[in-house]
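The values are calculated or read from the model by the stated rules, or taken from the named source; none is laboratory data. Note that the structure is a prediction, hence the values are computed from the model and not measured. Cβ sites come from the backbone with ideal geometry, for glycine too, and all protein chains shown count toward neighbours. The protein model used for the area step is the full one, side chains on, heavy atoms only, and it has no ligands, DNA or RNA in it. Shrake-Rupley method; radii C 1.70, N 1.55, O 1.52, S 1.80 Å.
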Amino acid sequence: MDENRKHIRDLIAANAGALAGNLRNLWVRSIEDLQDGGVDLAALADAMFDVGLTYKIAIEGKHRTVETLRAVADMLEEKLPDAAPRRAAKSGRPN
């Protein structure tokens, strides 16, 4: 069993970029399906943010995460116009 797990870990390491992109696509599609099923978009956004932030802190640590959040906040303040919330754009995948 240990040899199989090592093989799986080696495959993951060799394909990390592609796997990250595929995981992002999976989450986008899952959110679209939940949204289409009537789940509140703000609740989805909060849940995704909580999960992402939890993992970011666990992986990068508190100080690096705070630095990143400050940089993101500065960018949002400078570049995004004030606008009413709206439904996220669809990914373009077929239904």
- Message: Every residue in region 34-77 that is polar (S, T, N, Q) and open to solvent by 60 Å² or more (accessible area, probe 1.4 Å), please.
- Response: Thr54
- At least 2 residues that are among the polar types (S, T, N, Q) and either at pLDDT below 90 or in contact with a strand residue (DSSP E or B) (Cβ under 7 Å, 6 or more places away or on another chain) (or both) in each: list the helices (runs of 4 or more DSSP H) lying fully within region 1-66 that qualify. 16-36
- Restricting the first residue to region 14-36 and requiring it to be without any contact (Cβ under 8 Å) to a residue 24 or more places away in the chain, which pairs with a second residue that is open to solvent by 70 Å² or more (accessible area, probe 1.4 Å) and part of a helix (DSSP H, G or I) meet a Cβ separation below 8 Å and a spacing of at least six or different chains? Leu19/Ile12
- Conditions (1) touching an Asp or Glu at 6+ places or on another chain (Cβ under 7 Å); (2) at pLDDT 90 or above; number of the one not met by Asp74: (1)
